[in-house]
Amino acid sequence: MAQIGLALAGGMSPTDVVDCVKYAEEQGYNSAWFAEGHGGDQFSILTACALATQRIQLGTSISSIFVRSAPTIAMAAACVDHYSQQRFILGLGSSHKVQVEPEHGIPYGQPVQRMRETVEIIRTLLREGAVSYHGEVVTIEQFDLWFQPARPELPIYISAVFPQMLQACGEIAQGTILVWSAPEAGKLAAENIAIGAQRAGRQAEDVDIVSLLPMSVAQDHQEALGRIRPLVAFYAGFFPRYNRVMAEQGFPEEAQAIRAAWQQGDRQKAIQLVPDPMIETVSVVGTPTECRERVEAYRHSGIVHPVIFPVSDGPNGKQHVLDAVRACAP
């Protein structure tokens, strides 16, 4: 059966998140992912999801390698893996300088090297129960676990957008996590993963390609566009990395204008500047039938594991998620 997942990122209470994940499992979804940011502690919410479900895989999308130490991530991941009976996938990412420094007070730098070192530390700690590490970025004199993980190795997926991190995925990860990508991005990701895999003597086919697909579903296409437009404006306006992604996917002038309005503090103007074709290029939007067709387009482009990422904020956030899950159910 073709894979499909659900991703959530806050906007709902932890209880509502669990309800949505339970519903996704009932509808035949094979994975559920939870981001962090400002939406609640992902590991505790995923633990609640683990206890409420039986089959669905659970993953972080993503856990920041800057705001948690490598041993802290390893311990949290091992605990969710225990409660889920080995259904956990550890999704890691470098997050963004515009979040890490002003929101957490932590210096940001060398994200690719920090990722490599963090993955090595986590794997060593889970496998051996103790780690001492002296890298370019991270130094740990000694850390040991006082419990036995359910598995000595967890699948680790890495969030990646550009070639350098995608190639690192090919070298060291079991999967990569894309977001805000046009269908064609799957081919580019696969090419870079293959480069990294070849360097490491691995098979590129062993690296799962997951793409979080921001989604808005409604009975009317224009209503669906309007619901997701503020989210596109936020990502294009606030995050330099995603602004570049949208520019490179055919909207350089539009991305620049959105960024300028956002930086000037005019959020409403930034939202108004998001054109319909940009939304339709980087997300899944429209009626239930249109959304299903769009997910299939991603699948046929090489995205092995499409993961719908419904708009979940606002007073009807939970219902929007349930509608999206039902619309794309296998």
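Every number in this text was worked out from the coordinates using simple rules, so none of it is lab data. The model shown is predicted, which means the values in this text are computed figures rather than measured ones. Glycine also receives a Cβ, built like all others from the backbone with ideal geometry; neighbour counts cover every protein chain displayed.
Brief remarks follow.
- Overall, the anisotropy analysis places region 76-135 in the oblate class: the square-rooted eigenvalues a ≥ b ≥ c of its C-alpha gyration tensor yield a/c not less than 1.5, with a/b not exceeding b/c.
- Per-residue HN-Hα couplings for region 114-124 [Karplus 6.51, -1.76, 1.60; θ = phi - 60°; Hz; x = Gly/Pro]: 4, 5, 4, 5, 4, 4, 5, 5, 4, 5, 5
- Choice from Trp262, Trp180, Trp146 with maximal GNM fluctuation in the chain (Cα, 10 Å cutoff): Trp146
- Protection proxy ranking of 46-55, 307-316, 133-142, by the mean of other Cβ atoms within 10 Å over each peptide's residues and highest first, is 307-316, 46-55, 133-142.
- Estimated from helical segments only, the mean residue ellipticity of the chain at 222 nm is -15500 deg cm²/dmol, where each DSSP H run of four or more residues counts as -39500 (n - 2.57).
- Helix axis angle, 185-200 relative to the chain longest principal axis, alpha carbon, degrees: 20
- Largest mean-square fluctuation among Phe88, Phe143, Phe66, in a Gaussian network model of the chain whose springs join Cα atoms under 10 Å apart, belongs to Phe143.
- Three-way shape call for region 120-171 based on the alpha-carbon gyration tensor, with the a/c threshold at 1.5: oblate
- Computed from the C-beta positions of Gln263 and His38, the FRET efficiency with R₀ = 22 Å rounds to 0.65.
- This model, with +1 at the C-beta of Lys and Arg and -1 at the C-beta of Asp and Glu, gives the chain a dipole about its Cα centre of some 80 debye.
- Spatially, region 9-28 and region 66-128 are offset by 24 Å when compared through their Cα centroids.
- Antiparallel bridges, percent of DSSP beta bridges restricted to the chain (to nearest 5): 10
- Per residue, the convex hull spanned by the Cα atoms of the chain measures out at 127 cubic angstrom.
- Residue of Ala261, Ala35, Ala197 that the Gaussian network model of the chain assigns the largest fluctuation, springs spanning Cα pairs under 10 Å: Ala261
- Nearest-ten-degree value, helix 70-83 long axis tilted from longest Cα axis of the chain: 80
- With Rh defined as the Kirkwood radius, the inverse of the mean 1/r over Cα pairs, the Rg/Rh of region 220-286 is 0.94.
- Dividing the C-alpha radius of gyration of region 43-169 by 2.2 N^0.38 Å, with N its residue count, gives 1.05.
- Each peptide among 207-219, 293-305 gets the average number of other Cβ atoms lying within 10 Å of its residues, and from highest to lowest they stand as 207-219, 293-305.
- Debye intensity ratio I(q)/I(0), log10, region 195-330, q values 0.09, 0.10 Å⁻¹ (C-alpha model): -0.31, -0.38
- Between the alpha-carbon centres of region 284-307 and region 201-218 there is a gap of 12 Å.
- Cα→Cβ-extended label distance, 7 Å offset, between Ala130 and Gln164, nm: 3.6
- Full-stretch length increase - Glu153, Gln198 - with 0.36 nm per residue and alpha-carbon distance subtracted: 14.0 nm
- Global form of region 254-330, assessed from the alpha-carbon gyration tensor, a/c cut-off 1.5: oblate
- Helix 252-263 and the longest principal axis of the C-alpha atoms of the chain enclose an angle of approximately 80°.
- Under 21 Å of direct C-alpha separation, and excluding same-chain neighbours fewer than eight residues apart, Lys318 reaches these lysines: Lys22.
- Mean separation of Cα contacts under 8 Å (6+ apart) over length of the chain, as relative contact order %: 18
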